[in-house]
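This report refers to the structure that appears directly beneath it.
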Amino acid sequence: MISLADAVGAARARYVAANPASSARYTDALAVLPGGNTRTVLFHEPFPLGIVRGEGCVIWDADGHAYVDLLGEYTAGLFGHSDPVIRAAVVEALENGVTLSGHPMAEARFAAAVADRFPSMELLRFTNSGTEANLMALATATVATGRRRVLVFEGAYHGGVLSFPAGYDPKSGGVNVPHEWVVAEYNNAERARDAIRGAGDELAAVLVEPMLGSGGCIPADPDFLAVLRAETERAGAVLIFDEVMTSRLAPGGRQAALGIRPDLTTLGKYVGGGMSFGAFGGRRDLMARYDPRRPDALAHAGTFNNNVLTMSAGLAALTRVLTPAALAALNDRGERLRAELNRVFAGLPARATGLGSLLTVHFTDRPLRTGADVALGDPLRKELFFFDLLHRGFHLARRGMVALSLPVGDDECTRFVEAVADFVDERRHLISR
Ligand SMILES: Cc1ncc(COP(=O)(O)O)c(C=O)c1O
């Protein structure tokens, strides 16, 4: 019987043979981009696909294969590839000119739409990415408190320079920005309480994802988040919810679903209608520090913070496409999909975790509550799953993540579940213990 390593080797070889144009694109890219790459998350061996086009929930690669795009640009592609309302808004913006050297008319209206949806964001400012939004939220917290320490959680991803994979050692630094990081275990309320009390009056902020997103779609226990809320309040520290991914889990984000009001919230991804986007906002007293009329105003710059394409696309997306009803339907579809996948995986060391329209497939039978739990999953089985599903016409993240977009319908979900069942039938001996 073929071994797991040989099956993965054969799947890779089949992939190489099927994708000569993607391979050639990759070779060209190697000449000017280190590893042919400008976005680490997209890299996988032997080379990633070159994508030429997308429409609805389908993408086509450089060799002409069509895939159902279940990755949804790591949650930013919630609207699919060609939403007509967003497209019309972008075309109209282009017709009126870009880089206008001033305030586009959509800017404040878009901000109002964001604040309307996320009421804890009493005042907010735009950035170009979720990373920048988190950088600014942390800067706000350190300036407002006059403190330097920041509590984060193992397995969290808050951006390219704010990444805390399992085993992260704050002393090593890596490319992370040099805050005084304290890293605690996710979903461990008791240790978080100890860490917050231990840091005492040196703690500026707690930064937390209400579900570990990149870290494997591991939802936070409501009690864990409630303890963070109570303890930061007691410590005079700023509680920052990074809802870059989780804001799409409910109208008002996971904070609204759980009834927990953070001091600051960061957003990114889909909120800009598919354009570059980030925002940070929250308590009026904190955000008012950026009011340029104040003599002691904090500066917050960024040439493209209010770029006309994002402002127009985001406004159309939030007010005319992503109605609360559309969002609820998307998340219900995700709940059904995850339940069906878990029926297919029953009895195997495999499972889909997550909430609503976001899920990750893991190959383990351990409980999955922390970044360390996720890190113990089997990477080879994940790789086999990735290549086998790609071969069957479904594009998901190499790490097993699925983020449904609005154009993904029941038909695509049914076909995906059938494809996963087919994978399980074919590979059962390789994915069982
Ligand atoms: C929870 C979370 N925060 C922040 C970011 C960073 O956002 P961006 O890639 O827009 O910088 C990401 C990106 O994956 C994310 O998942």
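The values are calculated or read from the model by the stated rules, or taken from the named source; none is laboratory data. Everything quoted here is computed from the prediction, not taken from an experiment. Please note: Cβ atoms are built from the backbone with ideal geometry, for glycine as well, and neighbour counts cover all protein chains shown. Accessible surface is based on the protein model in full, side chains and every heavy atom, while ligands, DNA and RNA are left aside. Shrake-Rupley method; radii C 1.70, N 1.55, O 1.52, S 1.80 Å.
Observations
- Sole residue being within 16 Å of the ligand (Cβ to nearest atom), in a helix (DSSP H, G or I) and of a type outside the set (Ser, Thr, Tyr), chosen from ALA113, ALA133: ALA133
- Whether a residue is within 16 Å of the ligand (Cβ to nearest atom) and within 28 Å of ALA313 (Cβ to Cβ) was assessed, and LEU70 does not pass this test.
- Segment 384-401, subset touching a His at 6+ places or on another chain (Cβ under 8 Å) and under 16 Å from LEU42 (Cβ atoms), residue most open to solvent (accessible area, probe 1.4 Å): ARG398
- Flag if THR364 is more than 21 Å from the chain's Cα centre (by Cα), of a type outside the set (Gly, Ala, Ser) and either open to solvent by less than 10 Å² (accessible area, probe 1.4 Å) or assigned by TED's automatic domain parsing to the domain that holds GLN255 (or both): yes
- Out of ARG25, ARG53, ARG87, sole residue that is part of a helix (DSSP H, G or I), more than 27 Å from LEU267 (Cβ to Cβ), free of Cβ contacts under 8 Å to residues at least 40 places away in the same chain and out of contact with any helix residue (DSSP H, G or I) (no Cβ under 8 Å at 6 or more places or on another chain): ARG25
- Selected residue [surrounded by 24 or more Cβ atoms within 10 Å (Cβ to Cβ), more than 15 Å from the ligand (Cβ to nearest atom) and within 20 Å of the chain's Cα centre (by Cα)] from LEU239, LEU249: LEU239
- Selection count, segment 207-236, where residues are near the ligand (Cβ under 10 Å from one of its atoms) and in a loop (DSSP other than H, G, I, E, B): 5
- Residues that are open to solvent by 20 Å² or more (accessible area, probe 1.4 Å) and under 19 Å from ARG248 (Cβ atoms), drawn from segment 100-125: ALA111, ALA115, ASP116, ARG117, PRO119, LEU124
- Any hit, segment 35-55, residues being open to solvent by less than 40 Å² (accessible area, probe 1.4 Å) and of a type in the set (Val, Ile, Thr): no
- All positions within segment 1-41 that are charged (D, E, K, R) and more than 27 Å from ASP378 (Cα to Cα): ARG25, ASP28
- Number of the exception - ALA279 against (1) touching a strand residue (DSSP E or B) at 6+ places or on another chain (Cβ under 6 Å); (2) under 20 Å from SER101 (Cα atoms): (2)
- Test: residue in segment 266-278 that is touching a residue at least 12 places away in the same chain (Cβ under 8 Å) and surrounded by fewer than 21 Cβ atoms within 10 Å (Cβ to Cβ): yes
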